[in-house]
Amino acid sequence: MEYLTTSEIAKIWGITARRVQILCKEGRVEGAINKGIWLIPDNAEKPEDPRKVRKMKKENDV
């Protein structure tokens with residue numbers, strides 16, 4: 001398994017490197033390890049954004 005940096009994953013996922021760091025710190029990226037920098041498995045999946053889930057649920061309730 002290969003590991004990617006937050007910058008590399010950010011480009012793949014279409015979000016900022018800072019957001020990837022936050023997701024890692026919150027434990028939301030499976031397999032991410034901190035070795036002074038966050039290392040993320042190249043096959044890691046982008047976590048769902050709970051803000052979008054709530055918005056979709058709210059729209060369905062209307």
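Read-outs: derived from the displayed coordinates by stated rules, not from any lab. For clarity, every value in this text was computed on a predicted model and none was experimentally measured.
Structure summary
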item: For q = 0.15, 0.19, 0.22, 0.27 Å⁻¹, Debye-computed log10 I/I(0) when each Cα of the chain counts as one equal scatterer; result: -0.47, -0.66, -0.81, -1.11
item: The chain - percent relative contact order, Cα under 8 Å, separation 6 or more; result: 34 percent
item: Structure-based [θ]222 nm, the chain - -39500 (n - 2.57) summed over DSSP H runs of at least 4, per residue, nearest 500; result: -13500 deg cm²/dmol
